[in-house]
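Below: the structure, in structure tokens.
The values are calculated or read from the model by the stated rules, or taken from the named source; none is laboratory data. None of these values were measured; they are calculated from a predicted model. Don't worry about glycine lacking a Cβ; one is built from the backbone with ideal geometry, like all the others, and counts go over all protein chains shown.
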Amino acid sequence: MRSSLATLAAATAAAVVLTGCGTTEPAADKKAAPTAKSITLTDASGAKVTLDGPAKKVVGTEWNVVENLVSLGVQPVGVADVKGYTAWDTAAPLTASPEDIGTRGEPSMDTIAALSPDLIVATTDLTAAAVKQLRAVAPVLQVRSADSADQIGQMKENLDLIAEATGTTGKADGLKKSFDAKLAEGKQALADAKLAGREIAFADGWVASNQVSIRPFTSGSLLGEVNEALGLKNAWKVEGDKDYGLGSTDVEGLTGLGDVEFAYIGNKADGADPFADQLGKNAVWKSLPFVKAGNVHRLPDGIWMFGGTDAMEAYVDALVAALTK
């Protein structure tokens, strides 16, 4: 079962306040000492987070914030489940050797404390008890994990907030422009291929107790929003949750999809492909129109479905290539 699907990216708007806190040189010198600039932010929990300056030694407790840090040019000193991140999010690879701080749901307080970080970046998925413990170690900046009402907007807000905390707002602006350009490029490519308005069903699947569970990515999911921004139509009729826009079904629930494009992301870390392996011999699966038509697309491994702009650009490239080949 995919441990990656714990979840997954989001934050409220941030405000930066710069204040001088220098001291004065002795009267004989009469020269002002350099002014250190502090940064005060309001995070997704409503907490005020004050830093002495742009954070350099940063810990990330969730993969989407780790991707944001790496994309912004800030290699984190601590990362939750380094092996998992390396397998699931290849769009923004770690170039340093961060300390593994434990699992995303239960980071090691002792390990993080030993790193003496300037900042810990977490999401609202982390328990309040864990966040309280982390705040005793270093300033904690929480971003909202996800928002089905505006996933792309939330993704960008998270990036901006982390950029403000690390002094990399210029880089964040470039990442957002690149993402928007990638969407426009992909949309045009699909239109040129006469695929504008084509129905698509993206899903994730895993095996538990010899049964395949399927998780539809509805219009309220991040990938669902990206698909629609590319000019495609979401084929799922099931309702998604309020945060991630994810639904739940089984192979029988696929019978109402009809003639669609069906896409999913594989990952070698799982050691299995439930759609090809477990469902490959299933009579219901083989009878589905999109299966018969050969419209099942396994996208490349390592595209994090709940990631940031780099992961979403990788997704756009992979999906457009699969649909237009």
Go through region 198-217 and give me each residue that's at pLDDT 90 or above and among the hydroxyl-bearing types (Ser, Thr, Tyr). Ser213
Single match in Ala149, Ala201, Ala138, Ala163 (criterion: aliphatic (A, V, I, L, M) and assigned by TED's automatic domain parsing to the domain that holds Ala272): Ala201
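Checking the conditions here, which among Ala293, Ala283, Ala311, Ala272 is closer than 26 Å to Asp150 by Cα and of a type in the set (A, V, I, L, M)?
Just a single option satisfies the conditions, and that option is Ala311.
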Pairs only if they're at least six apart or on different chains, beta carbon under 8 angstrom, first in region 63-84 and on the phi > 0 side of the Ramachandran plot, second modelled with pLDDT of 95 or more and part of a loop (DSSP other than H, G, I, E, B); list them, first residue then second. Gly73/Thr168; Asp81/Thr103; Asp81/Arg104
Spot the failing condition for Val207; the list is (1) not in a helix (DSSP H, G or I); (2) not assigned by TED's automatic domain parsing to the domain that holds Lys233, and only one is missed. (2)
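Can you pull out the residues in region 168-186 that are farther than 17 Å from Ala311 by Cβ and crowded, with 18+ Cβ neighbours inside 10 Å?
Start the filter on region 168-186 by keeping residues that are farther than 17 Å from Ala311 by Cβ, which leaves 168-170, 173, 184.
Result: Thr168, single match.
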Any residue in region 295-318 that is surrounded by fewer than 19 Cβ atoms within 10 Å (Cβ to Cβ), of a type in the set (S, T, N, Q) and over 28 Å from Gly73 (Cα atoms)? no
Go through the residues of region 119-139 one by one and say whether even a single one is closer than 29 Å to Thr218 by Cβ, surrounded by fewer than 20 Cβ atoms within 10 Å (Cβ to Cβ) and among the acidic types (Asp, Glu). no
Among all residue pairs at least 6 apart or on different chains, which show Cβ distances below 9 Å where the first residue, located in region 270-295, is among the β-branched types (Val, Ile, Thr) and the second is at pLDDT 90 or above? Val284/Val251; Val284/Glu252; Val284/Leu254; Val284/Thr255; Val291/Leu254; Val291/Phe262; Val291/Leu279; Val291/Trp285
Looking at region 155-165, can you tell me whether even one residue there is farther than 19 Å from Thr42 by Cα and surrounded by fewer than 21 Cβ atoms within 10 Å (Cβ to Cβ)? no
In region 257-300, what residues are assigned to a loop (DSSP other than H, G, I, E, B), more than 19 Å from Val226 (Cβ to Cβ) and within 26 Å of the chain's Cα centre (by Cα)? Gly271, Ala272, Asp273
In region 204-239, which residues are touching a strand residue (DSSP E or B) at 6+ places or on another chain (Cβ under 9 Å), surrounded by fewer than 22 Cβ atoms within 10 Å (Cβ to Cβ) and among the polar types (S, T, N, Q)? Ser213, Ser219
How many residues, within region 83-122, are assigned to a helix (DSSP H, G or I) and either over 28 Å from Asp52 (Cα atoms) or assigned by TED's automatic domain parsing to the domain that holds Met312 (or both)? 6
Checking the structure you have, find out if any residue of region 144-152 is in contact with a helix residue (DSSP H, G or I) (Cβ under 8 Å, 6 or more places away or on another chain), part of a helix (DSSP H, G or I) and surrounded by fewer than 20 Cβ atoms within 10 Å (Cβ to Cβ). yes
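Let's see how each residue does on (1) within 14 Å of the chain's Cα centre (by Cα); (2) of a type in the set (Val, Ile, Thr); (3) farther than 19 Å from Asp160 by Cα:
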residue: Val70; (1), (2), (3): yes, yes, no
residue: Leu94; (1), (2), (3): no, no, yes
residue: Glu99; (1), (2), (3): no, no, yes
residue: Gly105; (1), (2), (3): no, no, yes
residue: Ala114; (1), (2), (3): no, no, yes
residue: Leu119; (1), (2), (3): no, no, no
residue: Val131; (1), (2), (3): no, yes, yes
residue: Arg144; (1), (2), (3): yes, no, no
